[in-house]
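Participant: Dumping the structure here so I can ask a few things about it.
The values are calculated or read from the model by the stated rules, or taken from the named source; none is laboratory data. Keep in mind it's a predicted model, so treat the numbers as computed, not measured. Quick reminder, even Gly has a Cβ in these numbers, built from the backbone with ideal geometry, and neighbours come from all protein chains shown. For accessibility, only protein heavy atoms count, side chains too; no ligands or nucleic acids. Shrake-Rupley method; radii C 1.70, N 1.55, O 1.52, S 1.80 Å.
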Amino acid sequence: MNGIVSTALGDPSPANRETLETIETPCVVVDYRRLCANIACMADMVGNAAALRPHGKTHKSVQIARMQVERGAVGLTTSKSEETKVFLRGGIGSVTGAYPLVDERKVARIMEASRSNGQDMRFIVDSPETVDVLEKVGSDRGISDIPTFIKVDVGLGRCGVDPDSEAALDIAVRVSRSPRLHFQGLLSHAGHAYGASSLKQVHEIAVHERRLLTGFKTKCAGAGLDVPEVSVGATPTVLANDGFEGITEARPGNYVFLDRTQVALGVARLSDVALSVLATIVSLNDRHLIADAGSKTLSSDLGAHGKTAVEGYGWAIPLGDDDDNPGYVVSRLSEEHAFIEHSGRRLPIGSRIRIYPNHACVVANLTGRIALSSNDEVFDWIDIEAQGQVR
């Protein structure tokens, strides 16, 4: 168990458990030992070099968030406002909402939720409009010193300021001088690492991310601005890091489960992946095994940010087989069925398989609860309290 026993999950050794052979399928299953190992590995990797603030959108579970905090995480990262409220209500003491908010109602909801229990709530901006929203809500409620990061685009081309632009420095100056905001620092997400073709390229993206951020910090310092924190986030680039010099915080999310995409990128092995979908073969034909898990369980995601380096929609292994044994590609999905190419290696109807998904974060959001397993026995269930919270 790697020394991790979560008080939130209780004793993993009660009698009268169900097993992976008896539980109803389809069922999203997390291997407890792998989960604990992944949490411990990341905590040890980041160590004292930077603070660890995992992204909760991967698991959307208060219980798992508490496990991460127990192992040294300083708080949590979130995306949407209602998701953020779930973790604040769950007692997570410090949360960064790493999403640009342009709706005053959303800012007000999470600001009020954090203030009610004296929790630390941090925001991001990447435009004058997002600064306007934070200042307006703070002014309306008499709140000042709102911790505010500037989101920096380090290559994904999604949200964030261009660190080489004058507009980026203008926003930094405005936040620093705002009577309502406190300039907390710079924050990035190197999500384009998911499109890398090799582990070496992932590392190169991590190098570029760190250089862009530390360069922009130097630029801010030249304008007389104090930049307390520099925060990076993305599981591949944190696992293939360039060291943490100049970085104060890491915000990986997917590492807690890992998935087939991380294996394809070379930052994990299949034997590290904690989350799988347990399914049953319900039919077969000359080409396909048909399993009872479709797009409503696995999702039709090809991987984070549309990565296409993996074939099909998952990797299936018969229950009981080792992960290094030959498996099967899930080649097609309908809503409730998986089409699995068998190439003559047929499995009997009623056989059970584990399907390792391309993208674990989406699978967790599709289910209401996750079965925790140990030695093929199910000993507990994890609620996905923030499931479907997309506002």
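Participant: In the stretch 285-295, how many are touching a residue at least 24 places away in the same chain (Cβ under 8 Å) and either assigned to a loop (DSSP other than H, G, I, E, B) or within 21 Å of Leu20 (Cβ to Cβ) (or both)? Reasoning before the result, please.
Facilitator: Taking the stretch 285-295 as the starting set, the residues that turn out to be touching a residue at least 24 places away in the same chain (Cβ under 8 Å) are 287-295.
Remaining after also requiring either assigned to a loop (DSSP other than H, G, I, E, B) or within 21 Å of Leu20 (Cβ to Cβ) (or both): 287, 289-294.
Adding up the residues that qualify gives 7.
Participant: List pairs: first residue in the stretch 242-255 and open to solvent by less than 30 Å² (accessible area, probe 1.4 Å), second residue aromatic (Phe, Trp, Tyr) and in a loop (DSSP other than H, G, I, E, B) anywhere in the structure, Cβ distance under 9 angstrom, at least six positions apart or on different chains.
Facilitator: Ala250/Phe244
Participant: Being touching a strand residue (DSSP E or B) at 6+ places or on another chain (Cβ under 8 Å) and farther than 17 Å from Gln389 by Cα is the filter; apply it to the stretch 93-110 and report the residue that is most open to solvent (accessible area, probe 1.4 Å).
Facilitator: Let us first name the residues in the stretch 93-110 that are touching a strand residue (DSSP E or B) at 6+ places or on another chain (Cβ under 8 Å), namely 93-101, 107, 110.
Those left that are additionally farther than 17 Å from Gln389 by Cα: 93-94.
Values: Gly93: 44, Ser94: 12 Å².
Among those residues, the one meeting the criterion is Gly93.
Participant: If you don't mind, another one. Tell me which residues, restricted to the stretch 56-69, are assigned to a helix (DSSP H, G or I) and open to solvent by less than 20 Å² (accessible area, probe 1.4 Å).
Facilitator: Of the stretch 56-69, the ones assigned to a helix (DSSP H, G or I) are 62-69.
If the condition is that a residue be assigned to a helix (DSSP H, G or I) and open to solvent by less than 20 Å² (accessible area, probe 1.4 Å), then Val62, Ile64, Ala65, Met67, Gln68 are the ones that fit.
Participant: For Gly72, all conditions in the list (1) of a type outside the set (Ser, Thr, Tyr); (2) without any contact (Cβ under 8 Å) to a residue 40 or more places away in the chain; (3) over 30 Å from Leu270 (Cα atoms); (4) not in a strand (DSSP E or B) hold save one; what is the number of the exception?
Facilitator: Failing condition for Gly72: (3).
Participant: From the list Ala193, Ala168, which residue is farther than 27 Å from Lys85 by Cβ, within 20 Å of the chain's Cα centre (by Cα) and among the aliphatic types (A, V, I, L, M)? Steps first, answer last, please.
Facilitator: Working: Ala168 fails: within 20 Å of the chain's Cα centre (by Cα).
Among Ala193, Ala168, only Ala193 is farther than 27 Å from Lys85 by Cβ, within 20 Å of the chain's Cα centre (by Cα) and among the aliphatic types (A, V, I, L, M).
Participant: Please go through the stretch 77-88 and give me each residue that is open to solvent by 20 Å² or more (accessible area, probe 1.4 Å) and either under 13 Å from Arg66 (Cβ atoms) or of a type in the set (Gly, Ala, Ser) (or both), ordered by number.
Facilitator: Listed by number, the list holds a single entry, Ser79.
Participant: What are the pairs with Cβ atoms under 9 angstrom where one residue, in the stretch 180-197, is of a type in the set (Lys, Arg) and the other, located anywhere, is part of a loop (DSSP other than H, G, I, E, B) and surrounded by fewer than 24 Cβ atoms within 10 Å (Cβ to Cβ)? Sequence gap at least six, or different chains.
Facilitator: Arg180/Ile143; Arg180/Ser144; Arg180/Asp145
Participant: Can you tell me which of Asp380, Asp324 is over 27 Å from Gly56 (Cβ atoms), outside any helix (DSSP H, G or I) and charged (D, E, K, R)? Give the steps one after another, and end with the answer.
Facilitator: Details: Asp380 fails: over 27 Å from Gly56 (Cβ atoms).
The unique qualifying residue is Asp324.
Participant: Filter the stretch 303-319 down to the residues that are in a loop (DSSP other than H, G, I, E, B) and more than 15 Å from Ile355 (Cβ to Cβ), then identify the one that is modelled with the highest pLDDT. Before you say what the answer is, go through the steps one by one.
Facilitator: Step one: list which residues in the stretch 303-319 are in a loop (DSSP other than H, G, I, E, B), which gives 303, 307-313, 319.
Now restrict to residues that are more than 15 Å from Ile355 (Cβ to Cβ): 307-309.
Numbers: Lys307: 62, Thr308: 63, Ala309: 70.
Of everything passing the filter in the stretch 303-319, Ala309 is modelled with the highest pLDDT.
Participant: Could you please find all residues in the stretch 198-228 being free of Cβ contacts under 8 Å to residues at least 40 places away in the same chain and in a loop (DSSP other than H, G, I, E, B)?
Facilitator: Answer for the stretch 198-228, where residues must be free of Cβ contacts under 8 Å to residues at least 40 places away in the same chain and in a loop (DSSP other than H, G, I, E, B): just Gly224.
Participant: Separate question: So, in the stretch 338-391, how many residues would count as being crowded, with 18+ Cβ neighbours inside 10 Å and among the basic types (Lys, Arg)?
Facilitator: 2
Participant: Right, another one. Would you confirm, using the coordinates I've provided, whether Ser300 is open to solvent by 40 Å² or more (accessible area, probe 1.4 Å), small (Gly, Ala, Ser) and either touching a residue at least 12 places away in the same chain (Cβ under 8 Å) or in a loop (DSSP other than H, G, I, E, B) (or both)? Please lay out each step first, then the result.
Facilitator: Values: open to solvent by 40 Å² or more (accessible area, probe 1.4 Å): yes; small (Gly, Ala, Ser): yes; either touching a residue at least 12 places away in the same chain (Cβ under 8 Å) or in a loop (DSSP other than H, G, I, E, B) (or both): yes.
Answer is yes for this residue.
Participant: Can you tell me which residue within the stretch 115-151, out of those that are acidic (Asp, Glu), in contact (Cβ under 8 Å) with a residue 40 or more places away in the chain and not in a loop (DSSP other than H, G, I, E, B), is surrounded by the most Cβ atoms within 10 Å (Cβ to Cβ)? I'd like the intermediate steps shown before the answer.
Facilitator: Within the stretch 115-151, the subset acidic (Asp, Glu) is 120, 126, 129, 132, 135, 140, 145.
Right, trim to in contact (Cβ under 8 Å) with a residue 40 or more places away in the chain and you get 120, 126, 135.
Those left that are additionally not in a loop (DSSP other than H, G, I, E, B): 120, 135.
Numbers: Asp120: 14, Glu135: 20.
The residue in question is Glu135.
Participant: Right, next: Please verify whether the stretch 316-337 includes one or more residues that are small (Gly, Ala, Ser), out of contact with any His (no Cβ under 8 Å at 6 or more places or on another chain), under 29 Å from Arg158 (Cβ atoms) and open to solvent by less than 40 Å² (accessible area, probe 1.4 Å). Quick ask: steps written out before the conclusion?
Facilitator: Here is the first cut: in the stretch 316-337, the ones small (Gly, Ala, Ser) are 316, 320, 327, 331, 334.
Among the residues that remain, those that are also out of contact with any His (no Cβ under 8 Å at 6 or more places or on another chain) are: 316, 320, 327, 334.
Next cut, under 29 Å from Arg158 (Cβ atoms) only: none.
No: zero hits.
Participant: Within the stretch 83-105, track down each residue that is of a type in the set (Gly, Ala, Ser) and part of a loop (DSSP other than H, G, I, E, B). Full working, then the answer.
Facilitator: Initially, the stretch 83-105 is screened for residues of a type in the set (Gly, Ala, Ser), giving 90-91, 93-94, 97-98.
Across the stretch 83-105, the qualifying residues are Gly90, Gly91, Gly93, Ala98.
Participant: Which of the following residues is in contact with a Ser or Thr (Cβ under 9 Å, 6 or more places away or on another chain), within 23 Å of Ala113 (Cβ to Cβ) and either among the β-branched types (Val, Ile, Thr) or in a loop (DSSP other than H, G, I, E, B) (or both): Val154, Val175?
Facilitator: Values: Val154 fails: within 23 Å of Ala113 (Cβ to Cβ).
Sole residue among the options that is in contact with a Ser or Thr (Cβ under 9 Å, 6 or more places away or on another chain), within 23 Å of Ala113 (Cβ to Cβ) and either among the β-branched types (Val, Ile, Thr) or in a loop (DSSP other than H, G, I, E, B) (or both): Val175.
Participant: What do you reckon, is Leu181 surrounded by fewer than 23 Cβ atoms within 10 Å (Cβ to Cβ), under 18 Å from Thr130 (Cβ atoms) and either of a type in the set (A, V, I, L, M, F, W, C) or touching a Cys at 6+ places or on another chain (Cβ under 7 Å) (or both)? I'd like the intermediate steps shown before the answer.
Facilitator: Numbers: surrounded by fewer than 23 Cβ atoms within 10 Å (Cβ to Cβ): yes; under 18 Å from Thr130 (Cβ atoms): yes; either of a type in the set (A, V, I, L, M, F, W, C) or touching a Cys at 6+ places or on another chain (Cβ under 7 Å) (or both): yes.
Considered against the rule, which asks whether it is surrounded by fewer than 23 Cβ atoms within 10 Å (Cβ to Cβ), under 18 Å from Thr130 (Cβ atoms) and either of a type in the set (A, V, I, L, M, F, W, C) or touching a Cys at 6+ places or on another chain (Cβ under 7 Å) (or both), Leu181 comes out as yes.
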